[in-house]
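Beneath this line is the structure, given in structure tokens, with notes to follow.
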Amino acid sequence: MRSKPIVAVSTCVKDIGGFDYYCVNDKYVDGLVRACGVMPVLLPALGDALGAEDVLEMCDGLYLTGSVSNVEPRHYGGSPSEMGTLHDPKRDATTLPLIRAAIEHGVPLFAICRGYQEMNVALGGTLHQKVHQVPGLMDHREDRTKTPDVYYGPVHPVNLTPGGRLAAIAGTTQVMVNSLHGQGVERLADTLEIEAVAPDGLIEAFHVKGAKTFALGVQWHPEWKVMENEFSRAIFAKFAEACRERANKRNV
């Protein structure tokens, strides 16, 4: 019998020296291991060659990471991206079907940043491709002239939905979060329910209505120094609890 739940972790395709590599920033995996105590399994972005059913059969949770690439707008009927926009079509082809299958089969799902955007798109929502160009919205991008300790720091508050899942976890209706994204939710998918909103009205977190288990997405980065942030630790703990419940059922 396995001692730890297995969590599939999304990866990106990166060109390194002319070869494609499946990659993920170590902070996502480190945060998952430290805060959840699970066994992470990096999921190669193989697209159609990777069966969603096969992946979900072997794992107790699905963890969708952030990335500098954008979801291709064709997946949500958006206008073509500006020249030079970084995309990752193999990741899109891998994660979008997985999200729908995970929700259908009751597999715990935790999505961060790009993963959060993928979740909205997979369920029928749309995205702002450049939030900072939308009238009335703030510039949510990080300042890369600073060090990571600075640009991953808290930047703005989010208002948590009273009575929502995150408000219950936080014990309050407002928390400070970091902000490192260019895209953002334009139209929320019908099956999603708002959990947090930024001061400018941009949706920053949601959960799946009527989900069989943990199915949450956040636009910020709770994985950053997760053990130093009580709210972040608590979110990861809830995800871990759901993964353990699935693992226990599978081990019976």
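The values are calculated or read from the model by the stated rules, or taken from the named source; none is laboratory data. As the structure is a computational prediction, the values presented were derived from the model and not from experiment. Cβ: placed from backbone, ideal geometry, glycine included. Neighbour counts: every protein chain shown.
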* Just give me the residues in the range 145-161 being in a loop (DSSP other than H, G, I, E, B) and under 19 Å from Gly201 (Cα atoms), in sequence order. => Pro154, Val155, Thr161
* Please state which of the following conditions Glu142 fails to meet, knowing it meets all the rest: (1) in a helix (DSSP H, G or I); (2) surrounded by 16 or more Cβ atoms within 10 Å (Cβ to Cβ). => (1)
* Which of the residues spanning the range 124-138 are surrounded by fewer than 20 Cβ atoms within 10 Å (Cβ to Cβ) and touching a Ser or Thr at 6+ places or on another chain (Cβ under 9 Å)? -> Gly124, Met138
* Enumerate the pairs (first residue in the range 79-103 and closer than 9 Å to Ala52 by Cβ and of a type outside the set (Gly, Ala, Ser); second residue anywhere and part of a loop (DSSP other than H, G, I, E, B) and modelled with pLDDT of 95 or more) with beta-carbon separation below 6 Å, excluding pairs fewer than 6 apart on the same chain, so at least 6 apart or on different chains. => Thr94/Ala45
* Structure fact -> Asp48: passes all of (1) over 26 Å from Trp224 (Cα atoms); (2) touching a strand residue (DSSP E or B) at 6+ places or on another chain (Cβ under 9 Å); (3) of a type outside the set (Gly, Ala, Ser) but (2)
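Residue by residue, here is whether (1) closer than 19 Å to Gly66 by Cα; (2) in contact with a Gly (Cβ under 7 Å, 6 or more places away or on another chain); (3) modelled with pLDDT of 95 or more holds:
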residue	(1), (2), (3)
Thr85	yes, no, yes
Ile112	yes, yes, yes
Pro154	yes, no, yes
Thr172	no, no, yes
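Which strands (runs of 3 or more DSSP E) sit wholly inside the range 162-252 and have at least 3 residues that are without any contact (Cβ under 8 Å) to a residue 24 or more places away in the chain and of a type in the set (D, E, K, R)?
Details: elements: 174-177, 192-197, 203-208, 215-218.
Per the criteria, no element qualifies.
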* Flag for Gly182 being closer than 21 Å to Lys27 by Cα and modelled with pLDDT of 95 or more -> yes
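Considering only residues that are of a type in the set (D, E, K, R) and surrounded by 19 or more Cβ atoms within 10 Å (Cβ to Cβ), which ones fall in the range 158-215?
In the first step, residues of the range 158-215 are kept if they are of a type in the set (D, E, K, R); the result is 165, 186-187, 190, 193, 195, 200, 204, 209, 212.
Correct list: Arg165, Glu195, Glu204.
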* Asked: When the range 11-44 is examined, which residues are found to be in contact with a Phe, Trp or Tyr (Cβ under 6 Å, 6 or more places away or on another chain), crowded, with 20+ Cβ neighbours inside 10 Å and farther than 17 Å from Phe236 by Cβ?
  -> Thr11
* **Criterion: more than 17 Å from the chain's Cα centre (by Cα) and of a type in the set (Gly, Ala, Ser) - qualifying residue of Gly115, Gly164** => Gly164
